[in-house]
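Quick notes on the structure that follows.
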Amino acid sequence: MLGSERMTRIFVYGTLRKGMYNYDIYLKNKKSLKQYGYVQGTLYTVKGADYPALLLEGNDMIIGEIHEVNDKTLKLINELECYYGENCIENEYDQMICPIYDRHNHFLENLPVYVFNMRNPENQKILGERIECLDYVRYINEKTTL
């Protein structure tokens, strides 16, 4: 089909969420938000950075959003997340296929999620504290109102 673009659904939980600074840069005018969802893992701060880290360990249900993006936007997001390819040790984030759930814990679909790459020795040094509220947008909003 001429002019049709391949679209990819991704799950985001940090600065690409609606209302956050990278959402405004990469997704705001794309009408990409499809629905909210949850991924299982543990959410952390990153020392010296204004973005979170997700690890797939633990049983917390981390809130995020499902977005549908074209190849050009996905390429830009991969660059933002320092994702250079599958199993690349230099990745800051690995792109992992994870089950996504709704608020009632019902399975929605398996989607790519950017997971903090703990195989990278530099990342091991900068993993911060656990984000107890399981919602990065809420964490930032509460932090800025203190």
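Just so you know, all these numbers are worked out from the coordinates, no wet-lab data involved. Source: prediction; values computed, not measured. We place every Cβ from the backbone using ideal geometry, glycine too, and count neighbours over all the protein chains shown.
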Exercise. Measure up K18/K47; K28/K125; K34/K75; K75/K125; K31/K125 against 30 Å on the Cα-Cα distance and list the ones that go over.
Key: K28/K125; K31/K125
Quiz item: If you average the sequence gap of Cα pairs under 8 Å that are 6 or more apart and divide by the length of segment 21-109, what percent do you get for the contact order?
Solution: 27 percent
Quiz prompt | Extension gain (nm, one decimal) between Y101 and E132, 0.36 nm per residue minus Cα-Cα | solution = 9.2 nm
Quiz prompt | Rg [Å, one decimal], Dmax [Å, integer] - the chain, C-alpha atoms | solution = 14.9, 53
Exercise. Taking the dipole about the Cα centre of segment 28-146, with the C-beta of Lys and Arg at +1 and of Asp and Glu at -1, give me whichever of Y101, N120, T73 is farthest to the positive side.
Key: T73
Exercise. Just tell me which aspartates and glutamates come within less than 13 Å, Cα to Cα, of K30; anything on the same chain fewer than 8 places away is out.
Key: E68, D71
Practice problem: Using per-residue counts of other Cβ atoms within 10 Å, averaged over each peptide, order 23-35, 98-110 from highest down. | Solution: 23-35, 98-110
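Relative to the present Cα-Cα distance, how much length would full extension add between K75 and M7 at 0.36 nm per residue of separation?
Between K75 and M7, full extension yields an extra 23.3 nm.
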